[in-house]
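The values are calculated or read from the model by the stated rules, or taken from the named source; none is laboratory data. None of the values given here were measured: they were computed from a predicted structure. Using ideal geometry, Cβ is built from the backbone for each residue, glycine included, and neighbour counts are taken over all protein chains shown. In case anyone asks, the SASA skips ligands and DNA or RNA and just uses the protein heavy atoms, side chains included. Shrake-Rupley method; radii C 1.70, N 1.55, O 1.52, S 1.80 Å.
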Amino acid sequence: MAPRDASKQATADIVANSADLPELRAVRESVKPYIDLIDQIRALGVERDLEGGIPQIAVMGDQSSGKSSVLEALSGVQFPRGPGLVTKCATEVRMRSCKNSELSSYRVSLSWSKPQPEEAGTVVTREDIEGKIALLTELLLADRGGGGKKASFEKEHAIVVEMVAPDIPDLTIIDLPGMVRTAVDGQDESVIQDVKSLLDRYLKQERTVILAVVPCNVDIATVGIINDARKADPQGQRTIGVLTKPDLIARGEEESVVETLRNVKAPLELGYIMVKNRGQDEINGKVALSEAKRKECEFFETHPHFRKEDTALFGVERLEKRLSEILVERIKCSLPEMKTQVDAALRETQESLNGLGDAPPETTP
């Protein structure tokens, strides 16, 4: 089977099993106009002049917390993963839904103002995106290092993945590097501060929704992203927690995790959702995302502790629905203030232009 035919078959398999929740279909239809509007603002470069940024979702968490798996479950794209600092720059994933697979398209580029490198551009299948991300990451690090050297981290520019497909939500999600505690062999000590600086930039943007990824097999009181999110968002009004790796919970710790899931322990205004994504063995075994979704449902439905809880707290589809609702609400709330800021910037620019005086008279040849 040719690569494009294989990709279409894989997409058809996912579509057949996606948006099973009727309310999710309704959310997908209602969110598109708002996301399109934010895209237009972003395309005009207006976001640089807006205090507080634009409404968006940023995925944050410790290294190996399951960030890449969450993004993979939402987008259907396998992102580079492994031990240590794998995500070495911000990756902006712009997902837009379409009616059928014939309209699908995929493009990977850089956010900088320089000409796009030849390595950037469209890819034929979704499976090609991971390799293109790795390629452009190396290019960014080489450009940052200069003089034949390669930097260990890039904090200014991002990789932009644009996806149009029938089986994905209308969302823009920014994948950020995992928090670094100590530099490992071969890494410059500056990487710790560089990663912190990048994360802080998004944490401080008042219109950014913080998607805090927390593995279930660690004590949430010690999780760095929850503590950092509380400092930037004291009321928890723009932080939603995602609990990952529920199959790794130590025996006897289930009730503690349930308390977090119920939003009793380490509460957030937007609460928590638990997901179970593909493990490394399943990825190596090429278990399809549709099969992983089926296994996720079966895991929660049969788990002695989780099967008793509200089903709205489990699964990637519930997460997608919740993120869409949260993002649309933030867009609606932010638009009046954003308009005020843009109007003020326009007035300031016009006053500056007026201060330059009249244009010189036209000369007749």
Exercise. Are any of the residues in segment 255-262 modelled with pLDDT of 95 or more and part of a loop (DSSP other than H, G, I, E, B)?
Worked result: yes
For this session: Can you tell me which residue among Glu298, Glu362 is outside any loop (DSSP other than H, G, I, E, B), more than 28 Å from Thr172 (Cα to Cα) and open to solvent by 30 Å² or more (accessible area, probe 1.4 Å)?
Result: Glu298
Exercise. Within segment 238-250, can one find any residue that is assigned to a loop (DSSP other than H, G, I, E, B) and open to solvent by 30 Å² or more (accessible area, probe 1.4 Å)?
Worked result: yes
Exercise. Which one is nearest to Arg25 (Cα to Cα) among residues in segment 105-127 that are in contact (Cβ under 8 Å) with a residue 60 or more places away in the chain and either open to solvent by less than 30 Å² (accessible area, probe 1.4 Å) or charged (D, E, K, R) (or both)?
Worked result: Arg126
Problem set entry | Residue that is most open to solvent (accessible area, probe 1.4 Å), among those in segment 10-37 that are more than 19 Å from the chain's Cα centre (by Cα) and modelled with pLDDT of 75 or more | Glu29
For this session: For segment 157-184, name all the residues that are open to solvent by 60 Å² or more (accessible area, probe 1.4 Å), closer than 26 Å to Glu72 by Cα and more than 17 Å from the chain's Cα centre (by Cα).
Result: Arg181
For this session: Would you confirm whether any residue within segment 161-174 is in a loop (DSSP other than H, G, I, E, B) and either out of contact with any Ser or Thr (no Cβ under 8 Å at 6 or more places or on another chain) or closer than 15 Å to Leu110 by Cα (or both)?
Result: no
Exercise. Under the condition of being outside any loop (DSSP other than H, G, I, E, B), hydrophobic (A, V, I, L, M, F, W, C) and without any contact (Cβ under 8 Å) to a residue 60 or more places away in the chain, which residue from segment 266-295 is surrounded by the most Cβ atoms within 10 Å (Cβ to Cβ)?
Worked result: Met274
Exercise. Looking at Thr302, Thr260, which is the one that is free of Cβ contacts under 8 Å to residues at least 40 places away in the same chain and β-branched (Val, Ile, Thr)?
Worked result: Thr302
For this session: State whether the residues of segment 335-357 include one that is assigned to a helix (DSSP H, G or I) and within 22 Å of Val70 (Cα to Cα).
Result: no
Problem set entry | Conditions (1) open to solvent by 20 Å² or more (accessible area, probe 1.4 Å); (2) under 22 Å from the mean Cα position of the chain (by Cα); (3) of a type in the set (S, T, N, Q); (4) within 30 Å of Leu335 (Cβ to Cβ); number of the one not met by Asn227 | (4)
Exercise. Restricting attention to segment 319-334, does a residue exist that is among the hydroxyl-bearing types (Ser, Thr, Tyr) and surrounded by fewer than 17 Cβ atoms within 10 Å (Cβ to Cβ)?
Worked result: no
Seminar exercise, completed: When (1) buried (at least 17 other Cβ atoms within 10 Å of the Cβ); (2) without any contact (Cβ under 8 Å) to a residue 24 or more places away in the chain; (3) in contact with a helix residue (DSSP H, G or I) (Cβ under 6 Å, 6 or more places away or on another chain); (4) of a type in the set (Lys, Arg) are applied to Lys150, the one that fails is (1)
For this session: Provide a single number: the residues in segment 262-287 that are under 21 Å from the mean Cα position of the chain (by Cα) and either farther than 16 Å from Val70 by Cα or among the aliphatic types (A, V, I, L, M) (or both).
Result: 8
For this session: For residues that are open to solvent by 50 Å² or more (accessible area, probe 1.4 Å) and in a helix (DSSP H, G or I), scanning just segment 304-318, find the one that is nearest to Ile273 (Cα to Cα).
Result: Arg318
Exercise. Checking Glu102 against (1) loosely packed, with under 15 Cβ neighbours inside 10 Å; (2) of a type in the set (D, E, K, R); (3) assigned to a loop (DSSP other than H, G, I, E, B), which single condition isn't satisfied?
Worked result: (3)
Problem set entry | Filtered residues of segment 255-265 (kept if open to solvent by 30 Å² or more (accessible area, probe 1.4 Å) and polar (S, T, N, Q)) | Ser256, Asn263
